[in-house]
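The values are calculated or read from the model by the stated rules, or taken from the named source; none is laboratory data. Quick caveat: nothing in here was measured; it's all calculated off a predicted structure. Methodologically, a virtual Cβ is constructed for each residue, glycine included, from the backbone with ideal geometry; neighbour enumeration extends over all protein chains shown. Heavy atoms of the whole protein, side chains included, go into the accessibility calculation; ligands, DNA and RNA do not. Shrake-Rupley method; radii C 1.70, N 1.55, O 1.52, S 1.80 Å.
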Amino acid sequence: MATDYDAPRRDEADLGEDSLEELKARRVDTQAAKLDLDEADVAETFELPGADLAEEGEPTVRVLPMQSDEFRCSRCFLVHHRSQLAREENGEPICRECA
Ligand SMILES: [Zn+2]
């Protein structure tokens, strides 16, 4: 009777210990997984500055803004000095070459 009563209690205690060990193991696994993710994030962070530097190093074609004394011909789409303006058609400037 006494052994029958003690046996289940011992099993319960063992189960509790087992589950605790399991939890510990799981916690370690979670930490390991988290560590891997952090490492991946760090790798990404290291890659980003390099990408920015590469973009800055690339030669960029700078489009100069049109000057106030210039106009763009509506036919040849070239920017001419205002002195080359022949006439305007429907409000669109036309250079002497196209006129
Ligand atoms: Zn033109």
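A few points about this structure:
- Cβ separations smaller than 8 Å between residues 6+ apart or across chains give the following pairs from the stretch 66-85 residues that are of a type in the set (A, V, I, L, M) to residues that are more than 10 Å from the ligand (Cβ to nearest atom) and part of a loop (DSSP other than H, G, I, E, B): Val79/Met66.
- Verdict on Lys34 being charged (D, E, K, R), surrounded by 10 or more Cβ atoms within 10 Å (Cβ to Cβ) and modelled with pLDDT under 70: yes
- Candidates in the stretch 51-89 are the residues that are open to solvent by 100 Å² or more (accessible area, probe 1.4 Å), within 15 Å of the ligand (Cβ to nearest atom) and not in a helix (DSSP H, G or I); of these, the one that is modelled with the lowest pLDDT is Met66.
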